[in-house]
1. Among the Cys residues of the chain, which have no other cysteine Cβ under 4.7 angstrom away?
2. Calculate one ³J(HN,Hα) per residue across region 158-164 by plugging θ = phi - 60° into the Karplus curve 6.51 cos²θ - 1.76 cosθ + 1.60, and present them in order as whole Hz with x for glycine and proline.
3. Modelled label-to-label distance, R56 and A176, 7 Å Cα→beta-carbon offset: nm?
4. Can you list the lysines whose alpha carbon is less than 30 Å from that of K64, not counting same-chain residues fewer than 8 positions off?
5. Is there a quick way to get the dipole size of region 121-231? I mean about its Cα centre, with the Cβ of Lys and Arg at +1 and of Asp and Glu at -1; what is the value in debye to the nearest 20?
6. I want to check the label-to-label distance for N264 and K83. Put each point 7 Å from Cα in the C-beta direction and report it in nm to one decimal.
7. Calculate the length of the line joining the C-alpha centroid of region 238-255 to that of region 90-118, in whole Å.
8. Can you tell me which of V13, V150, V209 moves the most in a GNM of the chain? Springs connect C-alpha atoms under 10 Å apart.
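Laboratory data are not the source of any read-out in this text; all were calculated from the coordinates shown. Everything numeric here is computed off the predicted structure, so don't read it as measured data. All Cβ positions, even for glycine, are placed from backbone atoms using ideal geometry, and neighbour counts span all protein chains on display.
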Amino acid sequence: MVDQKTLAVHSVVLEDPPLDFDALPPVSSQLVVFDFDWSLADQDTDRWIHELLSPRLRIEFVQKISTMQFTDMCAYLLEELHKEGHTPEAIQEALRAMPMHPAMIRGVRSLQSHHHGTDFLLLSNSNEVYIHTILPSKGLAEPPLFTEIVTNPAHWEPNGLLRLRRRISPDGPQHACKVGCSANMCKGDELDAFKQRHADRKYERIVYVGDGGNDFCPVKRLGPNDVAFVRRNRGLARRILQEGGVQCMVRYWTGAWEAEQLLNLLCPPRP
Ligand SMILES: [Mg+2]
Ligand SMILES: [Zn+2]
């Protein structure tokens, strides 16, 4: 039996928390890293699909999450969804209906057009099919926003099954992360690898927009000139407050309208 009072205390949400939109130092080059679920998007892809198409599998999601590797569990649930007869078209339609706040879209497009030294990286534990279905439906595919999209591989099989795999195959060498990244991907390693691939860009600042516990690893690798835009009341905020050891600046947000104001701080000062 779940203690309802404890649950309520652990999920306190202030609708209008104090504002923290103080200016950030101007830079000529910066990388903005976005997590996808509950960060760029205002929902979680892996859960949303089942909430729309199969509540039975959404319940199984909760029952299995503590006993299976996350990507493997999502892959298994997609096999079950396929067995229930849900078509690629139905899954795509559900994905296109997933909420993304207009203020978030406005914020990233405004930053892109006002600061030409800004690159964007999408770093997500979702998957290629979900993200490449959702981005065009929200106007974020063209003109291109992201320099790279780093996520789990997925493809449609001829029979209509959405086949999902871990980014790091269980059959090969595993990552050595000790911060708690799931076996399928170390987001800190992926951020470091991206920075190496684009070393010529000489980013003066990394900005990380995230919400989940698996965003803690890359945020821990940021330096004092970097900044994390952290969604309140979720796993990343909890780990920063409980475990500490974060060197970068941290700004908190709850709704996408606040994240938009924070993104505006990354634009060059207006005369
Ligand atoms: Mg997330
Ligand atoms: Zn890691």
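1. C74, C217, C248, C267
2. Rounded to whole hertz, the list is x, 7, x, 6, 8, 8, 10.
3. 4.6 nm
4. Qualifying lysines at Cα under 30 Å: K5, K83, K178, K187, K220.
5. Its charge dipole is roughly 220 debye.
6. Roughly 5.1 nm, to one decimal.
7. Going from one Cα centre to the other spans 24 Å.
8. Most flexible of the set in this elastic network: V13.
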